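The values are calculated or read from the model by the stated rules, or taken from the named source; none is laboratory data. Predicted model, so just to flag it, every value in this text is computed and none were measured. Methodologically, a virtual Cβ is constructed for each residue, glycine included, from the backbone with ideal geometry; neighbour enumeration extends over all protein chains shown.
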Amino acid sequence: MKKMLIMCGAGHATSTIVHAKVNNWLEENNLQDQVEIKQSAVTEEVDNIKNNDYDIVISTTIVPDEIKDRVINGVALLTGMGADEVWNEVKKEIEE
């Protein structure tokens, strides 16, 4: 099972919206049994991300440069513009 983190600045508002969208997408694609999701704030998770505690990380806010290469920018899931690219990236990470 893959471990996914969905995060935003405070771990409440936009990450909650993206969490719901990810849950729906996982169900629509029959992937819900392959992913365990945690929701949090960026500041609480930097060390965990650096330690590779998560297989997939989606953020709706700016992240520190030291973890940038491990994070999928999830803003498109809020706006709808470019969301297909994000879903493709998430699916690729789940299937690896």
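The residues of region 3-17 that are more than 11 Å from the chain's Cα centre (by Cα) and of a type in the set (A, V, I, L, M, F, W, C), listed by number, are Ala10, Ala13, Ile17.
How about region 42-58: which of its residues are of a type outside the set (Asp, Glu) and in contact with a Lys or Arg (Cβ under 7 Å, 6 or more places away or on another chain)?
Ile49, Tyr54, Ile56, Val57
Per this entry, Val63 is counted among residues that are modelled with pLDDT of 95 or more, out of contact with any strand residue (DSSP E or B) (no Cβ under 7 Å at 6 or more places or on another chain), surrounded by 16 or more Cβ atoms within 10 Å (Cβ to Cβ) and over 17 Å from Trp87 (Cα atoms). Looking at Ile37, is it under 15 Å from Lys2 (Cα atoms) and among the hydrophobic types (A, V, I, L, M, F, W, C)? Against the criterion (under 15 Å from Lys2 (Cα atoms) and among the hydrophobic types (A, V, I, L, M, F, W, C)), Ile37 qualifies. When region 34-62 is limited to residues that are part of a loop (DSSP other than H, G, I, E, B) and without any contact (Cβ under 8 Å) to a residue 40 or more places away in the chain, the one that is nearest to Ala20 (Cα to Cα) turns out to be Ile62. Residues in region 63-83 that are in contact (Cβ under 8 Å) with a residue 12 or more places away in the chain and in a helix (DSSP H, G or I): Glu66, Ile67, Arg70, Val75, Leu77, Leu78.
For region 18-31, filtering for residues that are within 14 Å of the chain's Cα centre (by Cα) and free of Cβ contacts under 8 Å to residues at least 12 places away in the same chain leaves 3. Within region 1-31, the set of residues being surrounded by 15 or more Cβ atoms within 10 Å (Cβ to Cβ) and assigned to a helix (DSSP H, G or I) comprises Thr14, Ser15, Ile17, Val18, His19, Lys21, Val22, Trp25, Leu26. With respect to being of a type in the set (S, T, N, Q) and surrounded by 15 or more Cβ atoms within 10 Å (Cβ to Cβ), Asn48 fits the description.
For beta carbons closer than 8 Å, sequence separation of 6+ or different chains, a first residue in region 3-17 that is under 17 Å from Ile56 (Cα atoms) and in contact (Cβ under 8 Å) with a residue 12 or more places away in the chain and a second that is of a type in the set (Gly, Ala, Ser) and part of a helix (DSSP H, G or I), the qualifying pairs are Ile6/Ser15; Met7/Ser15; Cys8/Ser15. Exactly one residue among Val57, Val42, Val86 is touching a Pro at 6+ places or on another chain (Cβ under 9 Å) and buried (at least 17 other Cβ atoms within 10 Å of the Cβ), and that residue is Val42.
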